[in-house]
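This report refers to the structure that appears directly beneath it.
The values are calculated or read from the model by the stated rules, or taken from the named source; none is laboratory data. Predicted model only: the values in this text are computed from it and were never measured. Every residue, glycine as well, gets a Cβ built from its backbone with ideal geometry; the counts of neighbours run over all protein chains shown.
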Amino acid sequence: MVEKLNNVKVASVQISPICMDPISTTKKVCDYIKAAGKEGARLILFPEAIISTYPWGVTFGVSIGRREPFGRDDYYRYWKGAIDVPGIETDMIGEAAKKAGSYVAVGVMERDDKYSKHTLYCTLLYFGPSGKLLGKHRKLKPTAGERYIWGEGDGSTMPTFDTEIGRFGGLICWENYMPLARMAMYSKGIDIYLAPTADSRDTWLASMKHIACESRAFVISSCQYFEKDMYPEDLKTINDTIELPDVLSRGGSVIVSPMGEVLAGPLYGEEGIIYADLDMSLPEKGRFDFDVVGHYALPNIFKLLVDENPKSVVEHK
């Protein structure tokens with residue numbers, strides 16, 4: 001068993017990407033890893049799809065039953081802004097994590113590592129203080145228009161990591177609204193629950209507080225701050241955003257205790273880093289009267305089957 005620290009400082013980073021430019025965005029991510037590491041953060045979370053853009057308001061020329069050629073051009077540009085895992089960008093982040101001595105979780109757009117790298121996935125990458133890429137989680141169910149541009153993950157990428165700072169793992173954005181997905185994560189004994197997102201609405205904070213109370217884990221959420229003039233001016237579907245507000249994502253990054261108390265944030269309207277010092281006795285103290293996968297689980301009535309086998313359309317024997 002890993003010997004646990006009693007107190008852990010964590011950070012949630014709220015920044016903007018360098019839109020559709022993975023190398024420049026990765027350099028920015030590494031700068032923020034360095035800054036948070038200097039402040040003593042042992043775990044640093046970045047937003048969903050920070051490398052290198054969550055495409056708020058961009059339609060890619062899609063309507064029901066139609067795809068416009070110029071939309072395919074923009075999708076190709078977006079595809080080129082994604083990254084290979086492993087690849088140059090993961091090497092850069094790993095090196096930054098090693099220098100900081102921190103665990104780092106970063107939301108990226110990942111090109112598939114099979115079948116010539118065609119499909120994109122919204123992925124959360126995990127790095128250790130050794131600089132090693134520890135694992136990844138691919139978003140299981142893209143929401144609404146995300147389904148035009150992202151594939152679906154499977155149960156093989158739902159890891160948690162048992163470390164000296166506690167056991168941590170996470171789900172991405174509206175996966176956190178899926179009760180069965182949350183239950184699967186809770187069953188792994190999670191102490192620090194990560195929730196990178198692109199949702200900057202008031203309701204997101206309520207969800208993070210609920211998940212903290214439900215899981216009796218610390219919850220760290222990170223969201224991008226993004227203005228529409230951050231899109232490249234020559235994006236062919238840029239007119240899709242004309243009627244949208246100037247600020248497409250105001251942020252809302254937050255850190256919540258296992259009893260649902262806000263420890264830091266929410267941060268709105270700017271880039272920045274929020275920090276909290278976590279008393280790692282609190283998850284167990286909270287489960288004294290509520291353990292959703294233990295004494296409160298009612299296995300005589302309810303049962304959840306989780307299939308964590310990787311799924312492939314082609315198998316070579």
- Query: When you scan the stretch 258-313, how many residues do you find that are of a type outside the set (Phe, Trp, Tyr) and part of a loop (DSSP other than H, G, I, E, B)?
  - Reply: 32
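So, in the stretch 40-62, of the ones that are assigned to a loop (DSSP other than H, G, I, E, B) and β-branched (Val, Ile, Thr), which residue ends up modelled with the highest pLDDT?
Checked the stretch 40-62; the qualifying residue modelled with the highest pLDDT is Ile50.
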- Query: Would a scan of the stretch 226-246 turn up a residue that is within 21 Å of the chain's Cα centre (by Cα), within 21 Å of Ile172 (Cα to Cα), modelled with pLDDT of 95 or more and of a type outside the set (A, V, I, L, M, F, W, C)?
  - Reply: no
- Message: Which numbered condition in (1) closer than 25 Å to Leu282 by Cα; (2) surrounded by fewer than 21 Cβ atoms within 10 Å (Cβ to Cβ); (3) aliphatic (A, V, I, L, M) is the only one that Ile242 fails?
- Response: (1)
- Query: Would you pick out the residues in the stretch 139-192 that are at pLDDT below 95, charged (D, E, K, R) and in a helix (DSSP H, G or I)?
  - Reply: Glu146, Arg147
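What about Gly37, is it modelled with pLDDT of 90 or more and either in contact with a Ser or Thr (Cβ under 6 Å, 6 or more places away or on another chain) or of a type outside the set (Val, Ile, Thr) (or both)?
Here the answer is yes, as Gly37 does meet what is asked.
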- If the Cβ limit is 7 Å and pairs must be 6+ apart or interchain, which residue in the stretch 136-147 that is within 19 Å of Val104 (Cβ to Cβ) pairs with which residue that is part of a helix (DSSP H, G or I) and charged (D, E, K, R)? Lys139/Glu175
- Item | Filter result for Gly269 (crowded, with 18+ Cβ neighbours inside 10 Å, on the phi > 0 side of the Ramachandran plot and touching a Gly at 6+ places or on another chain (Cβ under 9 Å)) | no
- Query: Is one or more of the residues making up the stretch 273-295 surrounded by fewer than 16 Cβ atoms within 10 Å (Cβ to Cβ), of a type outside the set (Gly, Ala, Ser) and closer than 22 Å to Thr203 by Cβ?
  - Reply: no
- Matching residues, the stretch 78-131, being touching a residue at least 60 places away in the same chain (Cβ under 8 Å), among the charged types (D, E, K, R) and surrounded by 18 or more Cβ atoms within 10 Å (Cβ to Cβ): Glu89
- Quick one: count up the residues across the stretch 85-126 that are part of a helix (DSSP H, G or I) and among the hydrophobic types (A, V, I, L, M, F, W, C). 6
